[in-house]
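Enquirer: Structure provided below as structure tokens; questions to follow.
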Amino acid sequence: MIDTPRKARYVAASLALAGALLLLPGSVSAAEYTMDLGATLPKWVKKLEEHRYRSPWDWDATLKWLDRTYAKWEYPRIRIVNKPGIKAFHLKNRKKKADWDGINVYQLESGEVRFFVVEREKEAKTAPKKSGK
């Protein structure tokens, strides 16, 4: 039989370990996100067409999620439209080996927020030029 103080220390250490494991990067399962071309989207997005999704949140909540998921210094935002009342920007993916070039995020007049995952164009590989010798 384990004495009470020792048992309390064991339980406290077990809970601390479990809490630490939850905070480790990569401990979140892929089922908590939707992936398209390797781009991470919220779990509850609704697919509308190929590479086009409806956000489960309003504009401000969507921006908060994007800021937590995609750091601004690593994934810069480029304004698409510069008119009053229109909210739209392109989240640029700088990683050259990724299948996605960026994500267009925009708000419709109805207030609905949408994502469009932009596929990266495949570079055509050219054959090396032969010398005339």
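The values are calculated or read from the model by the stated rules, or taken from the named source; none is laboratory data. All of these numbers come straight from a predicted model, not from anything done at the bench. With ideal geometry, Cβ positions are generated from the backbone for all residues, glycine too; neighbour counts draw on all protein chains shown. Heavy atoms of the whole protein, side chains included, go into the accessibility calculation; ligands, DNA and RNA do not. Shrake-Rupley method; radii C 1.70, N 1.55, O 1.52, S 1.80 Å.
Enquirer: Using 0.36 nm per residue, how much length does the chain from LYS122 to TRP44 gain when fully extended, once their Cα-Cα distance is taken away? Write out the running numbers ahead of the final one.
Expert: Working: separation 78, 0.36 × 78 = 28.08 nm, distance 2.96 nm.
Here the segment from LYS122 to TRP44 would lengthen by 25.1 nm.
Enquirer: Here is a further query. How charged is the neighbourhood of ILE78? Take every other residue with its Cβ under 13 Å from the Cβ of ILE78, and add Lys/Arg as +1 and Asp/Glu as -1. Show your work: numbers first, answer last.
Expert: Values: positive: LYS72, ARG77, ARG79, LYS92, ARG94; negative: ASP101.
Value of the local net charge: +4.
Enquirer: Counting Lys and Arg as +1 and Asp and Glu as -1, what is the net charge of the other residues whose Cβ lies under 14 Å from the Cβ of PRO56? Display every interim value, and only then the final one.
Expert: Working: positive: LYS43, LYS46, LYS47, ARG54, LYS64, ARG114; negative: GLU32, ASP58, ASP60, GLU112.
Cβ neighbours under 14 Å give a net charge of +2.
Enquirer: Heavy-atom accessible area of ILE80 with all protein chains present, probe 1.4 Å, nearest 10 Å²?
Expert: The accessible area of ILE80 comes to roughly 90 Å².
Enquirer: Ignoring ligands, DNA and RNA, what accessible area per residue does the range 28-90 give at 1.4 Å, in Å²?
Expert: 67 Å²
Enquirer: With 26 Å as the limit, write out which pairs from LYS47/LYS87; LYS83/LYS122; LYS43/LYS72; LYS46/LYS87 have Cα-Cα distances beyond it, or answer none.
Expert: Flagged as over cut-off: LYS83/LYS122.
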